[in-house]
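> What follows is a single structure, and I will ask about it in a moment.
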């Protein structure tokens, strides 16, 4: 059976700086895969390459068996592969509902259908009561929910989440983790960049670790967090699992 996403020997340069080096992995339907590594490891660059915002220098990318390297982001999104952004940028001067309708119009051709989809998604993420507020008036936590909502409105099969839990209070973090669990329960496959290791450990079926654009290892969360290279490059000797 074909994997939902196949990444084959993908490399990317910026000038003379090779930021991704022969990255290969696959993601199966229904998985939650975490992506970890220090700042500058190439995590967001990898997301940008997968979703069409950057073109790989070499290697292949396929989604549902179809090559997607070089396709425009909007085409990839319509295929069912969508992402959030680490820095949330809602449309500041329009209401939350219209923010999400813009995502829905990626798939829907009728405004009424897009509005209906946006209302469903806002209820799902817990922003229904704030649908008439302007984007600029939202808290950080609600902006992150709005970012998730805009992505969900495109009806993704594979949803890439880029640090949606960064900067949240403990209570907000638990609520976001619960939302991610609910997204998974709907059948959406998830690929998650996250520095909050408690979230990665709890949510992920499998974890991929990057450092300096190279894959250090991949495996279940316990295996990866006990890997000596991951501990040295990212987690540090003080991490609870560092000594077995």
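The values are calculated or read from the model by the stated rules, or taken from the named source; none is laboratory data. What you see is a predicted model; the values in this text were computed from it and never measured. Note: ideal-geometry Cβ built from the backbone for every residue, glycine included; neighbour counts use all protein chains shown.
Residues are listed down the side, and each one gets a yes or a no for (1) outside the structural domain of residue 3 (by TED's automatic domain parsing); (2) at pLDDT 90 or above; (3) in contact with a helix residue (DSSP H, G or I) (Cβ under 8 Å, 6 or more places away or on another chain); (4) on the phi < 0 side of the Ramachandran plot:
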| site | (1), (2), (3), (4) |
| --- | --- |
| 183 | no, yes, yes, yes |
| 200 | no, yes, yes, yes |
| 204 | no, yes, yes, yes |
| 215 | no, yes, no, yes |
| 221 | no, yes, yes, yes |
| 224 | no, yes, yes, yes |
| 235 | no, no, yes, yes |
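> Related question: Among the numbered criteria (1) buried (at least 16 other Cβ atoms within 10 Å of the Cβ); (2) over 19 Å from the mean Cα position of the chain (by Cα), which single criterion is violated by residue 62?
(2)
> Take the residues in region 171-187 that are in contact with a strand residue (DSSP E or B) (Cβ under 9 Å, 6 or more places away or on another chain) and surrounded by 20 or more Cβ atoms within 10 Å (Cβ to Cβ), then tell me which one is farthest from residue 144 (Cα to Cα).
183
> While we're on this one: So, of the residues in region 29-59 that are more than 11 Å from the chain's Cα centre (by Cα) and under 19 Å from residue 165 (Cβ atoms), which turns out to be surrounded by the fewest Cβ atoms within 10 Å (Cβ to Cβ)?
39
> Would you call residue 90 at pLDDT below 95 and within 29 Å of residue 72 (Cβ to Cβ)?
Yes, satisfied.
Matching residues to (1) part of a helix (DSSP H, G or I); (2) within 30 Å of residue 136 (Cα to Cα); (3) in contact with a strand residue (DSSP E or B) (Cβ under 7 Å, 6 or more places away or on another chain):
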site: 53; (1), (2), (3): no, yes, no
site: 56; (1), (2), (3): no, no, yes
site: 59; (1), (2), (3): no, no, yes
site: 70; (1), (2), (3): no, no, no
site: 82; (1), (2), (3): no, yes, yes
site: 93; (1), (2), (3): no, yes, yes
site: 97; (1), (2), (3): yes, yes, no
site: 102; (1), (2), (3): yes, yes, no
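> Could you list, in sequence order, the residues of region 118-145 that are in a helix (DSSP H, G or I), over 22 Å from residue 77 (Cβ atoms) and touching a helix residue (DSSP H, G or I) at 6+ places or on another chain (Cβ under 7 Å)?
Matches in region 118-145: 128, 130, 141, 142.
Residues are listed down the side, and each one gets a yes or a no for (1) surrounded by fewer than 22 Cβ atoms within 10 Å (Cβ to Cβ); (2) touching a helix residue (DSSP H, G or I) at 6+ places or on another chain (Cβ under 6 Å); (3) modelled with pLDDT of 95 or more:
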| residue | (1), (2), (3) |
| --- | --- |
| 84 | no, yes, no |
| 103 | no, yes, no |
| 106 | yes, yes, no |
| 110 | yes, no, no |
| 152 | no, yes, yes |
| 167 | yes, yes, no |
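> Read through the list (1) more than 16 Å from the chain's Cα centre (by Cα); (2) at pLDDT 90 or above, then give the number of the only condition that residue 240 fails.
All conditions pass for residue 240, except number (2).
> Right, next: For region 188-208, state whether one or more residues are surrounded by fewer than 18 Cβ atoms within 10 Å (Cβ to Cβ) and farther than 18 Å from residue 36 by Cα.
no
> Can we say residue 16 is modelled with pLDDT under 95, crowded, with 18+ Cβ neighbours inside 10 Å and not assigned by TED's automatic domain parsing to the domain that holds residue 146?
No: the conditions fail for residue 16.
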